[in-house]
Amino acid sequence: MPSDSDLRTILTSVKTIALVGWSPKPDRPSHRVAAFLAARGYRVIPVNPGQAGQQALGETVVASLAEAGPVDMVDIFRRSEEAGVVIDEAIATGARVVWTQLGVVDEAAAARARTAGLQVVMDRCPAIEIPRLGL
């Protein structure tokens, strides 16, 4: 697990976040976290193939991570068994950080990401960590 210092560095250095699994429904955690991050000044690119082409958070929702363009961090709102594919896409697209949400863990994919030079945060939420760290 990354230290608080590592989390601070990640959260203060990333600018563009692809949020995979974004939902247009305001009551869904992915929607609330995306809105929170956007309100904190991050550029958040929603990724959801079923919603592609819509506007959200001042961005066009894209169908895939590859369509998001260059991003610093990939925030994953997918089940653990689906996270590995997204992490592999994050590696392929050149992201610097992969972050999986609460309850989402894939140690094998995390190891692949670390080997490729990415920072990995699993089973955490940036919308919880930012206030906790006083950022």
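None of the figures in this text is laboratory data; all of them are computed from the coordinates on show. Every value quoted in this text rests on a predicted model; they were computed, and no experiment measured them. Counting neighbours? That spans all protein chains shown, and the Cβs are built from the backbone with ideal geometry, glycine included.
Numbers at a glance
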{"item": "Residue check for residue 109: surrounded by 16 or more Cβ atoms within 10 Å (Cβ to Cβ) and closer than 25 Å to residue 3 by Cα", "result": "yes"}
{"item": "Qualifying positions in region 48-67 - small (Gly, Ala, Ser) and either within 20 Å of residue 124 (Cβ to Cβ) or surrounded by 19 or more Cβ atoms within 10 Å (Cβ to Cβ) (or both)", "result": "56"}
{"item": "Residue within region 11-22 that is over 23 Å from residue 116 (Cβ atoms), touching a residue at least 12 places away in the same chain (Cβ under 8 Å) and either in contact with a helix residue (DSSP H, G or I) (Cβ under 6 Å, 6 or more places away or on another chain) or not hydrophobic (A, V, I, L, M, F, W, C) (or both) present", "result": "yes"}
{"item": "Criterion: under 15 Å from residue 124 (Cβ atoms), assigned to a loop (DSSP other than H, G, I, E, B) and not charged (D, E, K, R) - qualifying residue of 26, 70, 2", "result": "2"}
{"item": "All positions within region 32-47 that are surrounded by fewer than 21 Cβ atoms within 10 Å (Cβ to Cβ) and touching a residue at least 60 places away in the same chain (Cβ under 8 Å)", "result": "32, 36, 40"}
{"item": "In region 64-108, the residues that are aliphatic (A, V, I, L, M) and over 26 Å from residue 51 (Cα atoms)", "result": "108"}
{"item": "Residue in region 29-51 that is closer than 20 Å to residue 80 by Cβ, over 14 Å from the mean Cα position of the chain (by Cα) and in a loop (DSSP other than H, G, I, E, B) present", "result": "no"}
{"item": "Qualifying positions in region 77-135 - of a type in the set (S, T, N, Q) and either on the phi > 0 side of the Ramachandran plot or in a helix (DSSP H, G or I) (or both)", "result": "80, 93, 115"}
